[in-house]
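Heads up: the structure comes next, in structure tokens.
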Amino acid sequence: MCRTFMGVLCVQVALVSLSSGDVLPLSVYSAVIHCLERLMLSFSLSKSDREAVSSVALERYDSSSLSRSLPALGLLLTYLYTGRSADQASGIGQLENETLNDPGMEGQLAVLEHLTKILDRMHKAPPFEANIVARMLPALLEDFMPRHQIMTKVVGEFLSSQQPYPGLMADVMFKVFENLIRRKESDFVTEWVLLSLGSVVQRTPLAMAVWSLNCLFVCSSLNGPIRAQYPCLCERLGRFDDVDGEFLAVVVEEFYNNRGLLKHQRQSLVAVFRSAAADHEVYQHVVSLLT
């Protein structure tokens, strides 16, 4: 462990340097980040030093410009993947079976907090950075979060009216659903689709609601030809005409008939669309196909 006076001093100087904000020249900033990453990878930092590094990395990632936030994100990821949680094959994927009194739970909750901060950063990140984060999110969440929390975060962000990048969050949702389906957990995906429908049909304007519904059903589909329509669907964001309504009818009917839904699940699905059918003809068409 890095417990010598000089070792501790070097780490503290590095952290103070990073905390100085954008005053530090970018070349020096990048060098300090790189040194701290190497120390993380060598497993030579004490627990308190690691936590201090992660705190500063999170602060710099959350408050810096693009040229400084991305190196800070790299340091934060190094912290996550060299910690105790990374010892498990699936990160902290077994969190659902543990309690708050278990050893290491405090550290695992800290990891969850870091992941939440990374998601929150997308709300104010420039497009280039948001695209990078969206590409790594599915694997990152799967490595360190239990599946229920993954779905809560991903579906919640996708449906959030404050999310400036709904298309990118749709990409994340598509990959997360795909991973779950590959692991034979399609029933779990089905449950989340049914749970989310009530919120989706209430989105405004109607174009966003229909696009979100189409995304939800395509991402969760087990049908290859339907899933293959996802790239075309992405281009429909912000647009609405007859083709969007017709496509919605197709994907809902496929979901209704081919997912092995129980009677109460079918009734729930129909009830959601019936509740919105009075105001929107596109939903009336869906109800007529299902009843």
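Brief remarks on what is shown
- Those helices (runs of 4 or more DSSP H) of the stretch 171-283 in which at least 1 residues are over 30 Å from GLU142 (Cβ atoms) and open to solvent by 10 Å² or more (accessible area, probe 1.4 Å), considering only elements entirely within it, cover 206-220, 242-258, 263-277.
- Subset of the stretch 87-109 (residues that are open to solvent by less than 30 Å² (accessible area, probe 1.4 Å) and either modelled with pLDDT of 85 or more or in a helix (DSSP H, G or I) (or both)): LEU95, MET105, GLN108
- In the stretch 37-66, the qualifying residues are those that are among the polar types (S, T, N, Q) and in a helix (DSSP H, G or I), and the one that is farthest from ARG121 (Cα to Cα) is SER48.
- Scope the stretch 1-36; condition part of a helix (DSSP H, G or I), modelled with pLDDT of 85 or more and open to solvent by 30 Å² or more (accessible area, probe 1.4 Å); matching residues: LEU26, SER27, VAL28, SER30, ALA31, HIS34, CYS35
- Pairs with Cβ under 7 Å, 6+ apart, first in the stretch 239-267 and free of Cβ contacts under 8 Å to residues at least 60 places away in the same chain, second open to solvent by 40 Å² or more (accessible area, probe 1.4 Å) and part of a helix (DSSP H, G or I): PHE240/LEU206; GLY245/HIS285; ALA249/HIS285; ALA249/LEU289; GLU253/LEU289; TYR256/ARG266
- Residue pairs meeting the criteria (Cβ under 6 Å; at least 6 apart or on separate chains; first among the acidic types (Asp, Glu), in the stretch 182-194; second assigned to a helix (DSSP H, G or I) and modelled with pLDDT under 95): none
- Check on LEU269, in contact with a Pro (Cβ under 9 Å, 6 or more places away or on another chain), on the phi < 0 side of the Ramachandran plot and aliphatic (A, V, I, L, M): no
- Once the stretch 37-48 is narrowed to residues that are surrounded by 13 or more Cβ atoms within 10 Å (Cβ to Cβ) and within 28 Å of the chain's Cα centre (by Cα), the residue that is farthest from LEU75 (Cα to Cα) is MET40.
- The single condition among (1) closer than 21 Å to LEU112 by Cβ; (2) among the polar types (S, T, N, Q); (3) not in a helix (DSSP H, G or I) that SER161 does not satisfy is (1).
The values are calculated or read from the model by the stated rules, or taken from the named source; none is laboratory data. As the structure is a computational prediction, the values presented were derived from the model and not from experiment. No Cβ is skipped: glycine too gets one built from the backbone with ideal geometry, and neighbour counts run over all protein chains shown. Remember, those area values only see protein heavy atoms, side chains included, never the ligands or the DNA or RNA. Shrake-Rupley method; radii C 1.70, N 1.55, O 1.52, S 1.80 Å.
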